[in-house]
């Protein structure tokens, strides 16, 4: 599987997806809000993650009067493993370099 370049926006999207549950699924604009990024940044990241098999998406099937159906995004099992490992490795590298937490 092709590695993902862990830019600050990609990290924010991965952290957002890792924090979702079946009860609180992530959709495009909720990811934008939670990651504090614009759709022009988030959707290309989601596309790249989908192409690499890290993320799947599905359309909302419940009633949604007055608005278009949402597209829900979730990490695949391997995507969750890869994302967790990548973020942990990054945190470890930053710690060894003496860089404080956060995505900076």
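Would you mind telling me which numbered condition in (1) in contact with a strand residue (DSSP E or B) (Cβ under 7 Å, 6 or more places away or on another chain); (2) touching a residue at least 24 places away in the same chain (Cβ under 8 Å); (3) within 17 Å of residue 78 (Cα to Cα) residue 16 fails?
(2)
Which pairs do you get when a residue that is free of Cβ contacts under 8 Å to residues at least 12 places away in the same chain, found in segment 55-78, comes within reach of a residue that is surrounded by fewer than 13 Cβ atoms within 10 Å (Cβ to Cβ) and outside any loop (DSSP other than H, G, I, E, B), reach meaning Cβ atoms under 6 angstrom, with the pair 6+ apart or on two chains?
Going by the 6 Å Cβ cut-off, the qualifying pairs are 69/59.
Tell me, which helices (runs of 4 or more DSSP H) lie completely within the chain with 1 or more residues that are on the phi > 0 side of the Ramachandran plot and under 15 Å from the mean Cα position of the chain (by Cα)?
none
Any read-out appearing in this document is the output of simple, stated calculations on the displayed coordinates, not a laboratory observation. Keep in mind it's a predicted model, so treat the numbers as computed, not measured. Neighbour counts run over all protein chains shown; Cβ positions are idealised from the backbone, glycine included.
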